[in-house]
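Okay, structure first, notes after.
The values are calculated or read from the model by the stated rules, or taken from the named source; none is laboratory data. Given the structure is predicted, the values throughout are model-derived calculations rather than measurements. Methodologically, a virtual Cβ is constructed for each residue, glycine included, from the backbone with ideal geometry; neighbour enumeration extends over all protein chains shown. Just so you know, the surface numbers come from the protein's heavy atoms only, side chains and all, with ligands and any DNA or RNA stripped out. Shrake-Rupley method; radii C 1.70, N 1.55, O 1.52, S 1.80 Å.
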Amino acid sequence: YRLLERTPRKVRLSSRGANFLKPARQFITAHEVAVNGLTAAPRRLALGLSDQVAGPALPALLANLGAHMPDLVIEVHIEASRKLMDMFDRGALDAIIVRREDGYDDDGELLLCERLGWFAKPQGELDTTKPLHLASLATTCGIRNLATRTLDAAGIAWREVFIGGGIGAVGAAGAAGLAIAAVPYSLAPIGTFDIGPELGLPRLPDSEVVLHTTLTDPRARRAIDALAASWRTAQPARR
């Protein structure tokens, strides 16, 4: 087929050439996109989520993140808030969602304030002659320290009888009737209740959840903002 028409003075597209030009350009563009996809390094996002933040809504939240950036390689670290803060300060993580900890000059973006409670199976009247049995995380846990300071301020004796390696284990100790666990309402295990009012325990202060990020890429930042927004709405109502 003749795509060009030549005369002694100029060269121009034939009618067939004009019809061929647009699909040819589209073919070249598609080829370049395919080649770039093979050679370009995939985008990575190193995300840290506190063990006391992740909760059962995590799969839906990560799906939302993937929907905003389908070409993203998501690297998720679930650790204690304090450890994640240290990793973020070292530049090992691009973004973290954690519970605000004492001892940090925290300039993170506040996502929400969440209620904490004393969760366990119903136990009846508190025996004030014996120390309160507590289930908790390690001594570096911010919620654990908040709970013990609250009990100390109220003059209530306590004793740790269970130390878990994660918030799920701590909640399970409360559900098993081994101890009382200070946990967020959103992570309270099934079968437990906030028995603080029943036992006359002091109300725990609310826990603040904050976002820290160093991301400057507009697309990645929009994905993190969407994650933060969906995380807020995914949390169950305060009981």
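When restricted to residues that are within 18 Å of Leu116 (Cβ to Cβ) and modelled with pLDDT under 85, region 203-239 contains 7.
Contact map, region 200-228: residues that are over 12 Å from Gly108 (Cβ atoms) paired with residues that are hydroxyl-bearing (Ser, Thr, Tyr), Cβ distance under 7 Å, separation 6+ or inter-chain. Pairs shown: Pro202/Thr150; Leu204/Thr150; Ile224/Thr213. When restricted to residues that are surrounded by 18 or more Cβ atoms within 10 Å (Cβ to Cβ), more than 13 Å from the chain's Cα centre (by Cα) and either modelled with pLDDT under 80 or closer than 18 Å to Val53 by Cβ (or both), region 86-126 contains 7.
Restricting the first residue to region 135-147 and requiring it to be outside any loop (DSSP other than H, G, I, E, B), which pairs with a second residue that is of a type in the set (A, V, I, L, M) and at pLDDT below 80 meet a Cβ separation below 8 Å and a spacing of at least six or different chains? Once the first residue is outside any loop (DSSP other than H, G, I, E, B) and sits in region 135-147, its partners that are of a type in the set (A, V, I, L, M) and at pLDDT below 80 give Ile143/Leu137; Arg144/Leu137; Arg144/Ala138.
Confirm whether Thr129 is of a type in the set (Val, Ile, Thr), under 19 Å from Gly200 (Cβ atoms) and at pLDDT 80 or above. Against the criterion (of a type in the set (Val, Ile, Thr), under 19 Å from Gly200 (Cβ atoms) and at pLDDT 80 or above), Thr129 does not qualify. Consider Pro197 carefully, then state whether it is more than 22 Å from Arg82 (Cβ to Cβ), surrounded by fewer than 22 Cβ atoms within 10 Å (Cβ to Cβ), modelled with pLDDT of 85 or more and out of contact with any Phe, Trp or Tyr (no Cβ under 6 Å at 6 or more places or on another chain). Criteria met by Pro197.
For region 134-182, residues that are of a type outside the set (A, V, I, L, M, F, W, C) and touching a helix residue (DSSP H, G or I) at 6+ places or on another chain (Cβ under 7 Å) total 6. Just to be sure, is Arg144 modelled with pLDDT of 90 or more and either open to solvent by 10 Å² or more (accessible area, probe 1.4 Å) or of a type in the set (D, E, K, R) (or both)? Here the answer is no, as Arg144 does not meet what is asked.
Condition check ((1) of a type in the set (Phe, Trp, Tyr); (2) at pLDDT 85 or above; (3) under 30 Å from Ile224 (Cα atoms)) across all residues:
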| position | (1), (2), (3) |
| --- | --- |
| Trp158 | yes, yes, no |
| Ile163 | no, yes, no |
| Ala169 | no, no, yes |
| Ser186 | no, no, yes |
| Gly191 | no, no, no |
| Leu201 | no, yes, no |
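Inspection of region 193-200 identifies no residue that is touching a strand residue (DSSP E or B) at 6+ places or on another chain (Cβ under 6 Å) and within 28 Å of Asp94 (Cα to Cα). When Gly174 is tested against (1) touching a Ser or Thr at 6+ places or on another chain (Cβ under 8 Å); (2) over 19 Å from Pro131 (Cβ atoms), exactly one condition is not met: (2).
Yes/no per residue for (1) outside any strand (DSSP E or B); (2) at pLDDT 75 or above; (3) surrounded by 12 or more Cβ atoms within 10 Å (Cβ to Cβ):
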site	(1), (2), (3)
Val33	yes, no, no
Asn36	yes, no, no
Gln52	yes, yes, yes
Leu61	yes, no, yes
His77	no, yes, yes
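The combined condition, being under 15 Å from Arg115 (Cβ atoms), modelled with pLDDT of 80 or more and crowded, with 17+ Cβ neighbours inside 10 Å, is not fulfilled by Ile180.
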